[in-house]
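Working notes, structure below.
The values are calculated or read from the model by the stated rules, or taken from the named source; none is laboratory data. All figures in this text were calculated on a predicted structure; none of them were measured in a lab. So basically every Cβ, Gly included, is an ideal-geometry build from the backbone, and we count neighbours across all protein chains shown.
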Amino acid sequence: MDKSARGVVAVVDAGAAIRAATADLLDALGFTTLTFAHPAELLAAPDLPRVDVVLSDLHFPGMTGLRLLHDLGHRHPAIAVVILAATPDDALRRHAFEHGAFGFLVTPVEPEHLLALLSRALGGRRQGG
């Protein structure tokens, strides 16, 4: 299967090891993966329009994953955003969904759970929303 046929996923995380491990997992599942250390890098990326789903951590220097969600929602509303959090937080989860997040996952994430969420996100995008 052509990896780009499965979808393009951008991973945004300040931790190099986490970015690499997530990208390796997504590559093994058949996705094309782009990685970024900070949301500003993603927002400036020339490949951004071809991204289907963004997996973003919550915390970055000078910016949050929720701010990235807001910015992407205005500039590229077709991109599904999944927020990744190290701990469960109902208030943050609620805030993320109220502001357009497609998903909110607590790490570590089971590969099967991530694959199911990405499949739903890509299915919605391919059907026009």
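For the stretch 63-82, the criterion of being of a type in the set (Asp, Glu) and part of a loop (DSSP other than H, G, I, E, B) is met by none of the residues.
Note on the stretch 45-55: residues that are more than 18 Å from ARG6 (Cβ to Cβ) and either in a loop (DSSP other than H, G, I, E, B) or touching a helix residue (DSSP H, G or I) at 6+ places or on another chain (Cβ under 6 Å) (or both) total 2. For the structure I just gave you, tell me whether LEU84 is at pLDDT below 95 and closer than 14 Å to VAL8 by Cα. No: the conditions fail for LEU84. Exactly one residue out of LEU58, LEU42 is surrounded by 12 or more Cβ atoms within 10 Å (Cβ to Cβ), in contact with a helix residue (DSSP H, G or I) (Cβ under 9 Å, 6 or more places away or on another chain) and at pLDDT 95 or above, and it is LEU42.
Quick check on this structure: which one of THR22, THR35 is of a type in the set (S, T, N, Q) and modelled with pLDDT under 95? The conditions single out THR22. When you look at HIS74, is it out of contact with any His (no Cβ under 8 Å at 6 or more places or on another chain) and either farther than 16 Å from LEU43 by Cβ or among the charged types (D, E, K, R) (or both), yes or no? Against the criterion (out of contact with any His (no Cβ under 8 Å at 6 or more places or on another chain) and either farther than 16 Å from LEU43 by Cβ or among the charged types (D, E, K, R) (or both)), HIS74 does not qualify. Considering only residues in the stretch 68-95 that are surrounded by 17 or more Cβ atoms within 10 Å (Cβ to Cβ) and out of contact with any helix residue (DSSP H, G or I) (no Cβ under 6 Å at 6 or more places or on another chain), the one that is nearest to VAL51 (Cα to Cα) turns out to be LEU72. Restricting ALA121, ALA101 to residues that are within 13 Å of the chain's Cα centre (by Cα) and either in a loop (DSSP other than H, G, I, E, B) or farther than 19 Å from LEU29 by Cβ (or both) narrows the list to ALA101.
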